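The next block holds one structure in the form of structure tokens; read it before the comments.
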Ligand SMILES: [Zn+2]
């Protein structure tokens with residue numbers, strides 16, 4: 001489903017009872033896929049959305065992994081084979097990505113790095129959920145793809161990443177305030193309902209609650 005111009009959300013599956021989404025960014029040069037899911041059904045759903053966009057797997061030029069946890073990465077070997085896309089991961093998650101998928105990232109990015117596509121994608125590394133955990137700021141939409149930096153439910157309530165999913169739950173909660181340094185209006189989650197406007201105030205309220 002296209003939720004902002006050129007930005008498609010694909011609901012891929014329920015992971016451990018959580019609904020899960022990946023994102024496709026339609027760029028002039030090709031398509032960027034953010035996370036790849038973990039089951040054949042996930043790949044099927046991504047295929048269908050590519051088709052709706054008038055695209056195919058061969059158009060996917062870059063895969064950005066928000067973090068190297070199973071529900072976000074396990075399809076990477078198949079995606080690599082279908083696309084030969086460049087693989088981008090957050091600094092600190094390269095080894096785990098290689099261990100769990102056999103795919104070596106082409107580049108590991110850190111806070112402040114900019115991917116010069118889709119009107120610039122600014123990388124924000126928020127360690128805690130994993131060491132290399134990333135959020136991605138899409139400048140042209142003032143939209144933040146949070147990845148698992150923030151979790152949500154279907155009613156739009158936000159929470160810090162739950163302990164059972166985190167490598168360091170305290171660090172994950174403390175680092176949430178990093179997001180307030182950025183200008184965004186929309187918040188796109190891997191797990192939970194997206195918020196398409198007024199999201200920064202909601203994140204501020206979450207941060208206040210976590211202190
Ligand atoms: Zn996840």
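The values are calculated or read from the model by the stated rules, or taken from the named source; none is laboratory data. For clarity, every value in this text was computed on a predicted model and none was experimentally measured. Every residue, glycine as well, gets a Cβ built from its backbone with ideal geometry; the counts of neighbours run over all protein chains shown.
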Somewhere in the stretch 194-203, is a residue outside any helix (DSSP H, G or I), touching a residue at least 24 places away in the same chain (Cβ under 8 Å) and surrounded by 15 or more Cβ atoms within 10 Å (Cβ to Cβ)?
-> yes
Those residues of the stretch 140-154 that are over 8 Å from the mean Cα position of the chain (by Cα) and within 8 Å of residue 190 (Cα to Cα) come to a total of 1
Would you please name the residue that is farthest from the ligand (Cβ to nearest atom), looking only at residues in the stretch 170-184 that are outside any helix (DSSP H, G or I) and either in contact (Cβ under 8 Å) with a residue 60 or more places away in the chain or exposed (fewer than 15 other Cβ atoms within 10 Å of the Cβ) (or both)?
-> 183
Determine if the stretch 40-63 includes at least one residue that is within 16 Å of the ligand (Cβ to nearest atom), surrounded by 24 or more Cβ atoms within 10 Å (Cβ to Cβ) and modelled with pLDDT under 95.
-> yes
Give 167, 122 a once-over and let me know the one that is assigned to a strand (DSSP E or B) and either surrounded by 14 or more Cβ atoms within 10 Å (Cβ to Cβ) or more than 16 Å from the ligand (Cβ to nearest atom) (or both).
-> 122
Sole miss for residue 34 among (1) under 24 Å from residue 129 (Cβ atoms); (2) surrounded by fewer than 17 Cβ atoms within 10 Å (Cβ to Cβ); (3) in contact with a strand residue (DSSP E or B) (Cβ under 7 Å, 6 or more places away or on another chain); (4) at pLDDT 95 or above is condition (2)
Test: residue 187 is under 27 Å from residue 8 (Cα atoms), within 16 Å of the ligand (Cβ to nearest atom), in contact with a strand residue (DSSP E or B) (Cβ under 7 Å, 6 or more places away or on another chain) and modelled with pLDDT of 95 or more | yes
Selection within the stretch 52-66 - out of contact with any helix residue (DSSP H, G or I) (no Cβ under 8 Å at 6 or more places or on another chain), touching a residue at least 12 places away in the same chain (Cβ under 8 Å) and part of a loop (DSSP other than H, G, I, E, B) = 53, 55
Qualifying residue in the stretch 27-37 (condition: part of a strand (DSSP E or B), within 16 Å of the ligand (Cβ to nearest atom) and under 17 Å from the mean Cα position of the chain (by Cα)) = yes
Test: residue in the stretch 126-133 that is away from the ligand (no atom under 16 Å from the Cβ) and within 16 Å of residue 64 (Cβ to Cβ) | no
Please go through the stretch 68-97 and pick out each residue that is on the phi > 0 side of the Ramachandran plot and in contact with a helix residue (DSSP H, G or I) (Cβ under 9 Å, 6 or more places away or on another chain).
-> 84
May I ask you to verify whether residue 100 is out of contact with any helix residue (DSSP H, G or I) (no Cβ under 8 Å at 6 or more places or on another chain), within 16 Å of the ligand (Cβ to nearest atom) and either more than 29 Å from residue 196 (Cβ to Cβ) or part of a loop (DSSP other than H, G, I, E, B) (or both)?
-> no
Identify, please: which residue in the stretch 1-14 is farther than 18 Å from residue 77 by Cβ and surrounded by 17 or more Cβ atoms within 10 Å (Cβ to Cβ) and is, among those, farthest from the ligand (Cβ to nearest atom)?
-> 6
